[in-house]
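The values are calculated or read from the model by the stated rules, or taken from the named source; none is laboratory data. Please read all numbers here as calculations on a predicted model, not as lab measurements. Reconstructed Cβ throughout: ideal geometry from the backbone, glycine too, with neighbour counts over all protein chains shown. What goes into the accessible areas is simple: the full protein's heavy atoms, side chains included, and nothing from ligands, DNA or RNA. Shrake-Rupley method; radii C 1.70, N 1.55, O 1.52, S 1.80 Å.
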Amino acid sequence: ILYGPVDNAGKIVRAQKEQGFDFIKLYSFLSVTEFHDAMAAAKRLNMYTAGHIPFAVGLDGILAAGMNEVAHIEELDFEFLEFDRSRTLGHEEWFRYILQMATEKFGPVAHLPLDELKAKYQTEIKNIVEKLEASKTPICTTLTVDDIVVKKIFHADRLASGPTSQYLPYGFIESLQEGKNRHQILFKGHEDFARLHFQLNQLLLRELHDGGVTLVLGTDAGGMGMGLVPGFSLHDELRLMIENGFTP
């Protein structure tokens with residue numbers, strides 16, 4: 001995993017190859033230089049590359065560099081925004097900046113149904129889908145994460161009393177009920193975007209599927225008290241696929 005900022009990204013990739021790792025995952029906070037150094041090393045070593053779309057790089061940048069897979073549909077949301085990619089920010093600063101941009105952009109349309117969202121953003125969606133299809137870059141779904149985030153913010157009690165709650169990490173439910181879960185804190189003041197985020201990603205799922213983009217089923221896992229339970233979460237992901245037009 002390359003999180004950023006890092007010293008000598010290429011050296012880290014080489015070290016991971018020597019340790020027997022099959023692929024590297026690139027995260028949101030890499031600079032343009034760090035990203036390209038990592039990608040160059042991975043290509044020389046014939047390592048698969050998957051990951052986020054680094055804020056400084058953007059979709060066009062990762063496709064041009066030949067990243068093998070996009071790790072989450074939600075990464076595409078930020079392609080709808082216009083923001084300063086040249087900023088040098090820390091992890092939390094990037095999150096705050098992007099969430100503010102997203103709230104300003106999507107706040108007025110946060111409660112639109114999917115068909116109206118599609119009509120409003122059809123040009124942007126078409127552009128994204130065509131780029132991914134042309135590059136033959138697969139994208140992992142992970143809509144369960146967005147569903148969980150919405151539940152954390154708006155239906156914490158339902159999540160805490162759900163059938164899989166017994167498998168959640170120690171302290172997770174207490175933190176959730178006290179409003180101290182990471183996503184509850186991160187999206188404070190941006191609640192409408194969290195709801196829109198889930199809606200937009202379901203719309204993107206449908207359009208990516210219709211546009212012939214290869215989709216890889218996945219749910220994410222993650223630390224930070226994500227709230228996902230392996231195994232069960234894959235069934236939740238399958239349910240979301242069917243709710244969005246896939247056949248069983």
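Expressed as a whole percent, the accessible surface of the chain that belongs to carbon and sulfur atoms is 52, based on a 1.4 Å probe. On a per residue basis, segment 83-239 carries 52 Å² of accessible surface, using protein heavy atoms and a 1.4 Å probe.
When the Cα positions of N181, A64, F95 are compared along the charge dipole of the chain, A64 comes out farthest toward the positive end, with charges on each C-beta of Lys, Arg, Asp and Glu.
Summary of packing: across the peptides 95-107, 71-83, 234-246, the per-residue average of other C-beta atoms within 10 Å ranks them, highest first, as 71-83, 95-107, 234-246.
Between N127 and D60, residue separation times 0.36 nm minus the direct Cα-Cα distance comes to 23.0 nm.
Calculated mean residue ellipticity at 222 nm for the chain: -15500 deg cm²/dmol, from DSSP H runs with n ≥ 4 weighted as -39500 (n - 2.57), summed, divided by the residue count and rounded to 500.
Each Lys and Arg contributes +1 and each Asp and Glu -1, all at the Cβ; summed about the Cα centre of segment 82-137, the dipole is approximately 140 debye.
Overall shape: rounded for the chain, with the ratio a/c of the largest to smallest alpha carbon gyration tensor axis below 1.5. With a ≥ b ≥ c taken as the square roots of the eigenvalues of the C-alpha gyration tensor of segment 1-79, please select rounded if a/c is under 1.5 and otherwise prolate if a/b is larger than b/c or oblate if it is not? In terms of gyration-tensor shape, prolate.
If you take all other residues with their beta carbon under 14 Å from the beta carbon of R96, and give Lys and Arg +1 and Asp and Glu -1, the sum is -1. Can you give the FRET efficiency for T33 and S161, using 1/(1 + (r/R0)^6), R0 = 51 Å, r = Cβ-Cβ distance, to the nearest 0.05? It comes out at approximately 0.60. Compared with the alpha-carbon gap, the fully stretched path from Y48 to T247 is longer by 68.6 nm at 0.36 nm per residue.
From the alpha carbon centroid of segment 54-111 to that of segment 114-168 is 15 Å. Would you kindly give the portion of the calculated P(r) for segment 130-235 that falls above 16 Å, as a percent of all Cα pairs? Value for segment 130-235 (Cα pairs over 16 Å): 61 percent.
In this Cβ point-charge picture (+1 for Lys and Arg, -1 for Asp and Glu), the chain has a dipole of about 400 debye about its Cα centre. Can you tell me how segment 27-135 classifies by the Cα gyration tensor, rounded, prolate or oblate, using a/c under 1.5 as the rounded cut? Here segment 27-135 falls in the oblate category. Per-residue SASA remark: Y3, around 80 Å² accessible (1.4 Å probe; ligands, DNA and RNA not included).
Seen from L159, the other residues with C-beta closer than 11 Å to its C-beta sum to a net charge of +1, counting Lys and Arg as +1 and Asp and Glu as -1. A Gaussian network model of the chain, with springs between Cα atoms under 10 Å, assigns the largest mean-square fluctuation among D146, D84, D37 to D84. Inter-part distance, segment 20-44 to segment 199-248, computed on C-alpha centroids, equals 25 Å. When +1 charges are put on Lys and Arg Cβ atoms and -1 charges on Asp and Glu Cβ atoms, the dipole computed for segment 1-114 relative to its Cα centre reaches about 380 debye. Counting charges near N46 (Lys, Arg +1; Asp, Glu -1) among other residues having Cβ under 13 Å from its Cβ returns a value of +3.
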